[in-house]
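Data first, discussion second: the structure below is written as structure tokens.
All of the numbers you see were taken from the coordinates with simple rules; none came from a lab. All values reported here derive from a predicted model rather than from experimental measurement. Using ideal geometry, Cβ is built from the backbone for each residue, glycine included, and neighbour counts are taken over all protein chains shown.
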Amino acid sequence: MTAPAADRGPRIGPGALVLVVGPSGAGKDTLIALARQMCADDPRITFARRIVTREPSGAEVHDSVSVSDFDAAAGQGAYAVWWEAHELKYALPAAIDADIRGGKTVVCNVSRAMVRHLRERYVDVSVVMVTAPKDVLLARLAARGRESGGDVAGRLDRAVSAGEESAPDEVIENIGDPHDGAVQLAGVLRERAQRSSPRPPGKGDIQ
């Protein structure tokens, strides 16, 4: 895992950054997609789409780019942050900084190893850990067919140690109906949005 040098300027705020982390196979993208639907009527909450040097698949939602295009965009300042993991490059678009400066709550799926770096860069950072029992994770990863058996076991072992360093503020155990986990995630997002950028009164609201 590598990451760019930390921004030594003032931390970015006043909006919130919610980091959804967890081991491969936990269902992070599924919960994020469902929570996005649940929060569609709240303009205070935005969902960042990752950029990855991997072809798109049904297992996760991201923008795919070549390594050369990724490097060129990074050099032009197109990314707020970027990192490398599992021989791939990942990034979050620079637009999240403007959203957070505007008081919005930004939600993104990141590597657990990036948590410390992001806590140093942004004023208000919350970590939501999505997890599941190891046998469930193994079954989900095997169904993807992207990793060999050794790769799967190794990634899960690394997830245990990395998870201890990510200091989650909320934990969602995604075992049964993913709708339940998404409701929990959406509740966290609304709470963070209310804290950083209260919704203006609407018609009929008591003032």
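Below is a table of values for the structure above.
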item: Order of GLU170, GLU55, GLU84 under a 10 Å beta carbon neighbour criterion, fewest first; result: GLU55, GLU84, GLU170
item: Linear extension gain, GLU120 paired with VAL183, 0.36 nm per residue minus alpha-carbon span; result: 19.8 nm
item: Part-to-part distance (alpha-carbon centres) for the stretch 16-49 and the stretch 74-130, which is given in Å; result: 13 Å
item: Sequence of HIS179, HIS117 once ranked by neighbouring C-beta atoms within 10 Å, starting from the fewest; result: HIS179, HIS117
item: Length gained when the stretch GLN194-ALA95 is fully extended (0.36 nm per residue, less Cα-Cα span); result: 33.5 nm
